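Presented below is the structure to which this report refers.
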Amino acid sequence: GIGMDRPTLERVFEPFFTTKPAGKGTGLGLASVFGLVRSHGGSVLAESTPGSGSVFRVLLPAEPFHGR
């Protein structure tokens, strides 16, 4: 992509948030990834610069996660 501005980046993991026109997307993809990764004890980090693109880092624990 072309990157995101700060207000968009701050909302990128919200369920149903999308920058696409109505009927062109549900906005569940990144929210689903975030929830799945968090449920396994991990984190998702996002960086973005308008005009340069975005980077998403998925961090997972080295040891099995058994919930809390």
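A short reminder: the numbers here are calculations on the coordinates, not readings from a lab. Quantities reported herein were computed from a predicted structural model and do not represent experimental measurements. In this analysis, Cβ positions are derived from the backbone assuming ideal geometry, glycine residues included, and neighbour counts consider all displayed protein chains.
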**Message:** Let's see if you can work this out: charge +1 on each Lys and Arg Cβ, -1 on each Asp and Glu Cβ, no other charges. What is the dipole magnitude of the range 5-68 about its Cα centre, in debye to the nearest 20?
**Reply:** 140 debye
**Prompt:** For the chain, treating each Cα as an identical point scatterer without solvent, what Debye log10 I(q)/I(0) comes out at q = 0.12, 0.13, 0.16, 0.18 1/Å?
**Reply:** -0.37, -0.43, -0.62, -0.74
**Complete:** Helix 29-39 sits off the longest principal axis of the Cα atoms of the chain, rounded to the nearest 10 on a 0 to 90 degree scale, by 20 degrees
